[in-house]
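Following: one structure in structure tokens, then a few remarks.
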Amino acid sequence: MTSLPDPDVVFAEHPELGIVAATASTPDGPDRGDHALTARGWIHHKELDIYTLPGRLDRASALTVVSGSIRALQNKGQIVAADPGLAQAVFHDRAEARNAAPVASRRGPDAAVAAVQTPPALRRNPTPEVTEANISLSPPRPTAAQASSSRTR
């Protein structure tokens, strides 16, 4: 059995501090994500050796920052881990953002603004629901035997 390498950066939710991140960086070692986090607005608390987001961010904005941070770290080859509940929240936030993508018929810099202001039901080409293989968004489907027994009731 092969073991997975330790992550360079871990994201989680703290009951008092909100969303936090921690890196595996050491004072004499290479940067393992610190620069990427601070470049995206994360604040390093040396006494705790963790990063937090500015307190003025609402939940949706915080999830957007986490999503962007994860992508930036992964693009730099960093190994990233996240608490399962936080990972699912980020995934749902990204799916909602994809559903608010500009309508194909609109062009120019105002297309994104117009798409966000247009309710999904009124869009001509809404983005299909996004699913990922490693995150279950719904309960397991019933087996054929369970489905047939529920039809006969």
Here the residues within region 22-40 that are in contact with a Leu (Cβ under 6 Å, 6 or more places away or on another chain) and closer than 23 Å to Asp58 by Cβ are Ala36
- For Arg32, state whether it is charged (D, E, K, R) and surrounded by fewer than 12 Cβ atoms within 10 Å (Cβ to Cβ). no
Filtering region 57-85 down to residues that are surrounded by 15 or more Cβ atoms within 10 Å (Cβ to Cβ), outside any helix (DSSP H, G or I) and either among the hydroxyl-bearing types (Ser, Thr, Tyr) or in contact with a helix residue (DSSP H, G or I) (Cβ under 8 Å, 6 or more places away or on another chain) (or both) yields Leu57, Gln78, Val80, Ala82
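A quick yes/no check of all residues on (1) modelled with pLDDT of 95 or more; (2) surrounded by 15 or more Cβ atoms within 10 Å (Cβ to Cβ); (3) outside any loop (DSSP other than H, G, I, E, B):
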residue: Phe11; (1), (2), (3): yes, yes, yes
residue: Ser25; (1), (2), (3): no, yes, no
residue: Ala36; (1), (2), (3): no, yes, yes
residue: Ala87; (1), (2), (3): no, yes, yes
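Within region 38-48, take every residue that is part of a loop (DSSP other than H, G, I, E, B) and open to solvent by 40 Å² or more (accessible area, probe 1.4 Å) and give me the one that is nearest to Val90 (Cα to Cα). Break it down into steps so the answer makes sense when it comes.
So in region 38-48, the residues part of a loop (DSSP other than H, G, I, E, B) come out as 40-42, 46-48.
Right, trim to open to solvent by 40 Å² or more (accessible area, probe 1.4 Å) and you get 40, 46-48.
Values: Arg40: 16, Lys46: 26, Glu47: 27, Leu48: 24 Å.
Taking the candidates together, the pick is Arg40.
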Exception for Ser61 within (1) closer than 19 Å to Ala81 by Cα; (2) of a type in the set (Gly, Ala, Ser); (3) without any contact (Cβ under 8 Å) to a residue 12 or more places away in the chain falls at (1)
Of the residues in region 3-26 that are within 20 Å of Gly77 (Cα to Cα) and free of Cβ contacts under 8 Å to residues at least 60 places away in the same chain, the one that is nearest to the chain's Cα centre (by Cα) is Ala21
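The values are calculated or read from the model by the stated rules, or taken from the named source; none is laboratory data. If you're wondering where the values come from, they're calculated on a predicted model, not measured in any experiment. Reconstructed Cβ throughout: ideal geometry from the backbone, glycine too, with neighbour counts over all protein chains shown. SASA here: full protein model, heavy atoms, side chains in, ligands and nucleic acids out. Shrake-Rupley method; radii C 1.70, N 1.55, O 1.52, S 1.80 Å.
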